[in-house]
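Bear in mind that the values in this text are calculations on the coordinates, not laboratory data. This one's a predicted model, so the numbers in the text were calculated from it and none came from an experiment. Cβ atoms come from the backbone with ideal geometry, glycine included; neighbour counts cover every protein chain shown.
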Amino acid sequence: MTLFSSDPREPYTSPYTSPYGSPFEAEPPRRPRRGRRIVVWLLVALAAVAAAWAFMNPVRLTDQIVVWTHQPQAAAVQFAQRAGMTDEARFTFYASVPAIEDRAAFNSSCNQQLEQGVTLGCYVPVGRAIHLFDITDERLDGMQVVTAAHEMLHAVWARMSFGEQSEISSLLEEEAARLADDPAFIDKLALYAGIDDAGRATELHSILGTEFTGLSPALEKHYARYFDDRDELVALHVTSEAVFSALQTQSEALVAELDTLRGDIEVDSQDYTEESDRLSADIDEFNARWDAPDAGTQEQFDVERAVLLDRQATLDALYDSITTRRAEFDEKAEKLEQMNVQVDALNAAIDSRIPPVGE
């Protein structure tokens, strides 16, 4: 039985020598290929290491596959760029397959709405997915960027180990205690009243990371892993929120002016009515008295008449003032109504539960 394949047309070769002294040409012995064996063992070892890593890091492996196979929406890419997300942050953001959705789709995806305020985005742990409401009002440019960063930090938090979460939670609570008297911080946390400790921790992680500057060095170091320039992101948050706050400030000032005008007009209108009634009675009495032939001298008549005319002039001036202020009130009330229309439009632009103005 041969140990190799041979072509029958070729002369047979043998490692043996003929007893008649005519040696056949013998095939030289082959050297063992040790280099190839080493490569094979290295490949096996690498495969074993990769398998062990995959076993220990299943979420990271899944994320990597998603990033390799999923093309993010153009808007999501823009949000990541404008938020200044680092490579690590973009990896987590894209691995969460961020979807920018219209009202119907968003309400279906993010069905856990806030009892107070509005929901602009959500991170769904089941499926590890980010959903963002599509804000189309140009006056609110930047709000989606901040929301995208907020939800990305939720995704980061969900991927942390228990030990990492505990460590960062302590830092977050220290910062929360420092900001306990900050009105903006108080108002923001009020939106999440009633959530459990786990929910509070992840919300603090996202809120502090996207809306407040000057945090502790340890927290700033932590957030530096995810943002190239966090101050710019917070500035974008302030700018987008300023659209609402500016209208709110103007509206409150206008309401105060209207309240003052209304009060003054009501008081002066009451005074005008009472003085008008008194003047009418005094004029009637004056006329009745001076109808008598012996009522008095011409000089007395002229003096009394002049007093009545002065009172009438004062009353007329008060009437003109009331009329002017009523016109001013109506003008300011119209301006307030226009502001309310703007506010309604802005609220509809960010609240997926409200139909757009005009529909």
### Message
Can you give me the distance in nm between label points at Val343 and Asn287, each placed 7 Å from the Cα along the Cα-to-Cβ direction?
### Response
5.1 nm
### Task
For a footprinting-style exposure proxy, rank His70, His222 by other Cβ within 10 Å, fewest first.
His70, His222
### Query
Using alpha carbon centroids, what distance separates segment 303-351 and segment 124-191, in Å?
46 Å
### Task
Take the Cβ-Cβ distance between Asp320 and Asp102 as r, set R0 to 51 Å, and report the resulting FRET efficiency rounded to the nearest 0.05.
0.40
### Message
Can you compute the FRET efficiency between Tyr192 and Gln78 using 1/(1 + (r/R0)^6), with r the Cβ-Cβ distance and R0 = 30 Å? Round to the nearest 0.05.
### Response
0.60
### Query
Residue by residue through segment 260-268, which ³J(HN,Hα) values in whole Hz follow from phi under the Karplus form 6.51 cos²θ - 1.76 cosθ + 1.60 (θ = phi - 60°), with glycine and proline marked x?
5, 4, 4, x, 5, 5, 5, 5, 5
#### Entry: From phi via Karplus (6.51, -1.76, 1.60), per-residue ³J(HN,Hα) for segment 324-331 in Hz, x at Gly/Pro
5, 5, 5, 5, 5, 4, 5, 5
### Query
Cα centroid distance between segment 211-255 and segment 79-111, in Å?
19 Å
#### Entry: Label point distance in nm, Val118-Ala235, each placed 7 Å from Cα along Cα→Cβ
2.6 nm
## Note on the structure
For Ala129, other-chain or 5+-apart residues with amide H closer than 5 Å (H placed, Pro excluded) are Val124
### Query
When the Karplus curve 6.51 cos²θ - 1.76 cosθ + 1.60 is applied with θ = phi - 60°, which whole-Hz ³J(HN,Hα) does each residue of segment 347-353 get, with x for Gly and Pro?
4, 5, 5, 10, 9, 5, 7
